[in-house]
Structures are given as C-alpha cells and as structure tokens.
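All remarks here apply to the structure that follows.
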Amino acid sequence: MRFPRASGVLLHPTALPGPQASGDLGAAAHAFVDQLAAAGQSLWQVLPLGPTGFGDSPYQSFSAFAGNPVMVSAASLHEAGLISAADVTSVPQGEGASADFGAAMRGARHIAASLSAALARAEHREALERFRSSNPWLNDFTLFMALRDAHEHVAWLEWPEPLRLREPLALEQARRSLAEPIRRHEAMQWAFARQWSELRVRARASGVELFGDAPIFISLDSADVWARPELFLLDAAHRPTAVAGVPPDYFSATGQLWGNPLYRWEAHAAEDFAWWRARIGHLATQVDRVRLDHFIGFVRHWEVPADALDAQVGSWRDGPGEALFLALARELGGLPLVAEDLGEAGADVEALRDRFGLPGMRVLQFAFDGDLKHPFLPRNLVEHCVAYTGTHDNDTTRGWWATLGEHERRFAREQLGATSGDIAWDLIHAGLASRADTFVTPMQDVLSLDSEARFNTPGVPSGNWTWRLAEGQWAPKLVARLREATASTGRLRR
C-alpha cells in the first residue's frame, strides 16, 4: 500500500504526562492529538498496546488482543459517571519524570473493583454484552488473568496441571470460583476499548492517523499461548522446545535472546491463519497503520534451543511467507502495513515486502558510516519507505551523536549540509526533506534530549520504558517549529 507524503511523532501512551503513575488515555492523550495537529503532523505512532508483565516491555504482553489497563484514565471514568471522585483521588499519582508501572497497576486494580460494580447496573448490561460478543478473545484472557492473580502472578506453566493443560472440569470450576476477578478484568478491557475509541475519534477529527505496532512473537506467559498451545512449538507438557531471538547484530554482540515461543506455522496454515487474521483484524479496528515488527521472521526466523544462555547458538527456520499475507489481504481487503526490515534482511525478505507493496523502514542514525551508497542516507532514501531519526530501540539522536567518532561526525556534517548546531533537529530536517513518503521522529528528538531520555536499550532487561513527557515540555515554540519545518518540506496534509 502506498501512503501519502506525511510525517508524525513516536510516543507511547504510557509516556504521556498526567496525574496517574504512568500516561493514560485521558485528557493528556487528547491534548497530544491537538498538539500533533497544531504541529502539522498527520501520524501518531505508538508501541504495542497490550498489558505488560515483568520488565514492563510492550513487546512482552499477556495478550496480543487486550489493552493495557494502566492506560485507563480514572478521571475519564469519573467524568462518565462510572467511578467516584474518591476512587480517582485514591489512584497513585505520578511522581518525578519517570513512569512507575507498579504504582500504575495498583491504581488499575483499585478502580477495576468500582468499575465492575458500575457495569453490573442494568443500563450498562447491553453495552457490556455487545463488547463480549464482539471480542471472542476476552473469555480466555479474563480467565487467564484471574488465574494468574489467584496463583500470586506466577507464569501459567507453574500452575497445577489441570489448569495448565486446560482440562474442561478445572476451567469450569475456575470460572465459577473466580467470577468476580474475571468481571474486574473484563471491566478494564471494556474501559480501555471505550477510551481508545474516543481517542481515535478525536484523532480522526483532527486529521491524525494512529500508527500501531504488532510484535511478530507472543510472550510465553500469555493468554494466547495458554489458550492455543497447538499453534506453538511446545512439548507434551506445553513447555517450549525452542525460543525466538536474533543472531549477533548492531544492537548486541551475543544476539538477542527474546525467549518467546515459536509458531507451529503448519498449524496456522491448516486453519488459513485464522489466529493471525483475527489478531491483525482486531488491531486494524484500533489504528490506521500497523508496523510489523521483525518482518524478517515471516521469511525466516532464528530458532534458539530453549535451554540456551544467549542467542549465539541457533539456526534459521522458514516462516510462512506469502501465504500469511494472502490470508491477511483477504481478511482486511488491503494491507495498511509497514515492514520493520532493519538489519541484514536479504533479497528474500525484500521480495516478500515488495510482493505485497509494503514500505520498509530506514533509520537515519544508521546512515553515517562513510558509505556514500548507504541506502539510509537522506539523499538515498526511496519514496516508498518510512524514515526515522531513530526508533524506540535507538539512543536519542543527541545521545547517539555523543558516541560518534570525529570521522563519522565529519561525514554526517558533509551529508547534512548546513547544520543548526542541534543534531536532533538537523536529522529531523533531513528526514522531512527526504523523498520518503513517511517520516517519523521520536518525541525525545523533537525535544533534543540526551541519553537520559532513551526509551529502550535492547538486551538490557531492566531500566527501560519509563521515560515520560513532562507537562508543558512540548512548548508552543517547539510545536510551531515542527509545523514550519513540515510545511516547508511539503508534508502538511491540511
């Protein structure tokens, strides 16, 4: 699919400012849409929206379908008459410049009880029933989360065997005994869907498209793997025989051992990729574009033995190839997808990407190694791509610049031409002025922040995802500056 010339900003909702311990979908999210529109931006890119566990990574979620309850705005629920003012004031407040996901989850659990009671009232029953019937994943997810709570949050592989192996009688008994916790999880999913829908309406009215993200792999400790073990490479006890990762690359000398279970692709093909069609179809109801993370994995994936200590030991295995995308095209009627094709992709990956007309990604920070033919250099960018200063996995542009040697800096200055003295904005101008149909910059680069604002360091298990935009930090002067740069490069769409 070809996208019109446009630009946008990358910021995950948990990084929004606001009164709660992490960003939410309330007033600050709507205000951010207004700021994007004022800045002439037509895209808001986010990371995966699912509920997170240990490490708080959006790429390790308890569900490929559910929303993260910490994003539910207590203030918005109160405004809708669903919880009390006392409920709002009892939610832990944000302190300092970082998100506190532990406090945010405690707040979500608190409001879930009040919200569940409100939704039991007669006037909400029909809406709740419509939500249940239109989201078939909800039944397994809410039971899964209630069981996790009942087992002190240990992974499902450590549950008693009847529950781990989903014996019907054990599941029936669990549904009866955990009816109230199940309703609470259901209530928060209803609230997330309601608030996200309201945000999308605001975005559309403002001319801002939402740009989502689909991780290729699913967390082992997820409702998806527990509910459909036959779709994954697991043994008879439902434990993984091999896990996902990537071999040594730019980000890590020992590779990245993600630990996700691998797909049993032949089982997916046997049901015409129904799970994938449901997954991407669900995401397409939430966003206008979808970034397919680790696109190379649809051609070939790095299979690592389940007991390996790192990802250096592994082997390549075939992915589903075009069969999956033909099924998705039939489901969606088109493919509003972006292929994350960074790294050593290869001709076979490019062939699959081009077979379905998907734009790939180009990251400007990778471009300045001295090679005049580097495809990521601003002057070499093709039209059909999405260009970035950096992604959530990169250092901020100022942080990246601080690590470069003088040779690379000199080459970058030569390629960028006249510079402003602010390398983040030099790259923003270069990306906006490039031929790339779409250009996106992380919020941290709009603010010219250094490495302290880095969102994620791949291969580092802790200390990530917590940076947060401060109230008033994206000041009107910067909004106007981004609009002017966007207008001068022909990317205004209003």
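Of S451, S488, S420, all but one fail to be among the hydroxyl-bearing types (S, T, Y) and at pLDDT below 95; the exception is S420.
If you scan segment 1-37, which residues turn out to be of a type in the set (A, V, I, L, M, F, W, C), under 14 Å from F101 (Cα atoms) and not in a helix (DSSP H, G or I)?
L16, A21
If you go through segment 7-25 and keep only what is more than 18 Å from the chain's Cα centre (by Cα) and closer than 20 Å to Q286 by Cα, you end up with just S7. When segment 359-387 is filtered for residues that are crowded, with 22+ Cβ neighbours inside 10 Å and of a type in the set (K, R), only R362 remains. A308 falls short on exactly one of the conditions (1) within 30 Å of L199 (Cα to Cα); (2) out of contact with any helix residue (DSSP H, G or I) (no Cβ under 9 Å at 6 or more places or on another chain), and that condition is (1). Within segment 396-419, is even one residue in contact with a helix residue (DSSP H, G or I) (Cβ under 6 Å, 6 or more places away or on another chain), surrounded by 24 or more Cβ atoms within 10 Å (Cβ to Cβ) and polar (S, T, N, Q)? Yes. Per the listing D426, D445, D422, the residue uniquely farther than 21 Å from M361 by Cβ, acidic (D, E) and free of Cβ contacts under 8 Å to residues at least 60 places away in the same chain is D422.
I'd like to know if segment 343-356 contains one or more residues that are within 21 Å of the chain's Cα centre (by Cα), under 29 Å from W425 (Cα atoms), surrounded by 19 or more Cβ atoms within 10 Å (Cβ to Cβ) and modelled with pLDDT of 95 or more. The answer is no; no qualifying residue exists. Does any residue of segment 318-341 turn out to be among the basic types (K, R) and in contact with a Leu (Cβ under 6 Å, 6 or more places away or on another chain)? No: segment 318-341 contains no residue that is among the basic types (K, R) and in contact with a Leu (Cβ under 6 Å, 6 or more places away or on another chain).
The values are calculated or read from the model by the stated rules, or taken from the named source; none is laboratory data. None of the values given here were measured: they were computed from a predicted structure. Positions of Cβ are generated from backbone atoms using ideal geometry, with glycine treated the same way; all protein chains shown enter the neighbour counts.
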